[in-house]
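Nothing in this text is a laboratory measurement; each read-out follows from the coordinates by a stated rule. Fair warning: this is a prediction, and the values are worked out from it, not measured in the lab. Every residue, glycine among them, receives a Cβ derived from its backbone with ideal geometry; neighbour counts consider all protein chains shown.
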Amino acid sequence: MDMIGFKGQVQEGLYHTKDVFAILWNRVNGTACLVGVSASLAVYWLIKKTRYRLPPGPVALPLVGNYSLLGDSRLHETCARLSAIYGPVITIQIGPLKMVVLNTIEATIEAMVTKGTDFANRPVTASGMLLSDGGKNILLSQYTPTWKLHRKIASKALRNSLRGEKQETALDASMAEFITLLTATEGQPFTPHAYIDHALFNLMSGLCFKKVYQFNDKTFKRFIDVDNEFIREFGLGLIEDVFPILAIWPSQRFQKVIGLLTEILQFTYDRFQEHVDDFDADDIKDISDFVIMARKEAEEEENAELLDQLTDEHLRQIVTDVFFAGFETSRFTLTWGLLYLAGHPEVQKRAQLEMDEVVGRARLPTLKDRSSLPYTEAVLHEVMRVATVSPLGIPHAARVDSMICGYDIPKGTTVAINHWALHNDPRYWDQPQKFNPERFLTSEGKLAPIPDSWVPFSVGRRVCIGESASKPELILILSVILHQFNIKLPPGVAADYSPEASGLAGYIANRYKIQAEKRE
């Protein structure tokens, strides 16, 4: 880096140092502020004195780090650009938080597969602890025997729910109303997000709680409204998660976000409690019942150690994780999918020709048709690549001192996979910004082996538990849409692929409008 660039970074850091001190001074008393700052500086210089050879990155100042990155809505793209300067593994610092970002599949596989247990923990944050009942869920808890038990139970519950025709029956019911709702738009412009939300919400609610909701149901409407507001408010993260001392005196924004989150989680907690109250071991209806049964079996075995890991809080967190694993990212993916189909009518036409040849017009597509619809599946793969809905994923944390690509990674360091960089790596993807499903096909039109650099569900020990539910549901819903409707943009409107939100909560399509014309 040249001297002018270095001076610019230092000047920017010093400028933002004043902002941080102002926040601290306004939120805490002067003595506590000075103690907190002194402690942060002491830790910083202690780390500096330790002879770790960390991955390179932009110059970071004590306390503020690379402060400008805190408000970067395209942090995934910024990290990809920085990797062109510093290499595939970089270090950035936001406040006192050091984060190592992996920008290639090679670095990702080394860290998350070859050395998977080294990086299987999660960072501990103020919001994360509140989200997880104090670290009791699968998504954010540490890599422990308890975590392994909960993941095993969740995986078995999902397999049980997806076995035979159970998932397809749930999907059929969800899709029947979806078709009715889209048909009722009569080809007029509309925003599809709520319809997609409803279909996926009912699918996961049916699998987890054996309960579905009408489109105008107040409970469903309120859940979606609060969830969307939470995503907007959470945005690029909370300063209390960067400066933990501030969680003692939380900001109004932090309190609002936690309030929204509490209301969202209360929905799944209440549905689960209903199952606890009415549980019948002879009638296992859904994922909630399956999870409760795991505790009943431990009670029969009088296994005290197991029962300590299967409290009400643990069980409701398992079910909540499964619900959101099949709902949240799937709805973001499908809203992007409809936009890309509307913006690429030639892709839509080819998928519909394939659909008509395989399925015909007399029936709806089913999951049994999946292997005969390679182009349709390629369309989904390309949507998940070009619209990476979780660009930096859920961060990992080092459990032990380790190394990645020859660099030291101290225990406790936050490590993130830049899924966006992997999905746009020109070594694996020709013209990565172009929407082209054919990149997933062989010259004979069959599905090609998926490149290593396609990781929408992440990799390693913390791979998404919802993959087994999400991918089939996305394939079938997309197939039904293509089979039943021509998706178009309103006359004179060009496709706008800019996101409504881009941050830690997700990469979310804008509130575009389309037309759904019923196919004959």
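Projecting each Cα onto the charge dipole of the range 269-342 (Lys/Arg +1, Asp/Glu -1 at the beta carbon, about the Cα centre), which of L334, Q309, F323 comes out farthest on the positive side?
Toward the positive end, the furthest listed residue is L334.
Note down the magnitude of the dipole of the range 208-338 about its Cα centre, charges +1 on Lys and Arg C-beta and -1 on Asp and Glu C-beta and zero elsewhere, to the nearest 20 debye.
1100 debye
Work out the charge dipole of the range 378-502 with +1 on the Cβ of Lys and Arg and -1 on the Cβ of Asp and Glu about the Cα centre, then indicate which of L489, N418, A397 is farthest towards its positive end.
A397
Tell me, what HN-Hα J-couplings in whole Hz come from the Karplus equation 6.51 cos²θ - 1.76 cosθ + 1.60 at θ = phi - 60° for each residue of the range 109-126, using x for Gly and Pro?
3J(HN,Hα) across the range 109-126, in whole Hz: 5, 4, 6, 8, 10, 4, 10, x, 5, 5, 10, 8, 7, 10, x, 9, 10, 4.
Direction-averaged shadow area of the convex hull around the Cα atoms of the chain, nm²? Can you show the working numbers first?
On the way: hull surface 106.8 nm².
Over all viewing directions, the chain projects a mean Cα-hull area of 26.7 nm².
Hey, if you put +1 on the Cβ of every Lys and Arg and -1 on every Asp and Glu Cβ in the chain, which of S470, T144, L200 ends up farthest toward the positive end of that dipole?
T144
What FRET efficiency do you get for Y52 and A362 if R0 is 60 Å and r is their Cβ-Cβ distance, rounded to the nearest 0.05?
The calculated FRET efficiency here is 0.35.
Give me the angle, in degrees from 0 to 90, between the Cα long axis of helix 374-386 and the longest principal axis of the Cα atoms of the chain, rounded to the nearest 10.
Tilt relative to the chain: about 20 degrees.
May I ask for the angle, rounded to the nearest 10°, between helix 287-300 and the longest principal axis of the chain, with both axes built from Cα atoms and the value confined to 0 to 90°?
70 degrees
Extending each Cα 7 Å along its Cβ direction at E77 and V493, get the distance between those two points in nm, one decimal.
For E77 paired with V493, the spin-label model returns 2.3 nm.
Can you give the local net charge around P391? Use residues other than it whose beta-carbon is closer than 14 angstrom to its beta-carbon, Lys and Arg +1, Asp and Glu -1.
Neighbour charge sum, excluding P391 itself: 0.
Out of residues 5 or more away from D408 or on other chains, whose amide H comes under 5 Å of its own, with H placed 1.01 Å from N in the peptide plane?
R53, L54
Highest first, please rank the peptides 237-243, 319-325 by the mean number of other Cβ atoms sitting within 10 Å of their residues.
Ranking, from highest mean packing down: 319-325, 237-243.
How would the range 465-520 be classified by its alpha-carbon gyration tensor: rounded, prolate or oblate, with rounded meaning a/c under 1.5 and the a/b versus b/c comparison settling the rest?
The shape class here is oblate.
Roughly how far apart, in whole Å, are the Cα centres of the range 474-520 and the range 305-328?
33 Å
Working from Cα positions, state the angle (0 to 90°, nearest 10) between the long axis of helix 30-49 and the longest principal axis of the chain.
90 degrees
Give me, ordered by chain and number, the residues 5 or more places off L441 or on other chains with an amide H under 5 Å from its own placed amide H.
Here A448 satisfy the definition.
Hey, any idea what the orientation-averaged projected area of the convex hull of the range 246-400's Cα atoms comes to, in nm²? Don't skip to the end; give the middle numbers.
Working: hull surface 64.6 nm².
The directionally averaged projection comes out at 16.1 nm².
How large is the dipole of the chain about the Cα centre if only Lys and Arg carry +1 and Asp and Glu carry -1, each at its Cβ, rounded to the nearest 20 debye? List each step's numbers first, then the result.
Values: 55 positive and 63 negative charges, 319 e Å.
Using only the charged Cβ atoms, the result is roughly 1540 debye.
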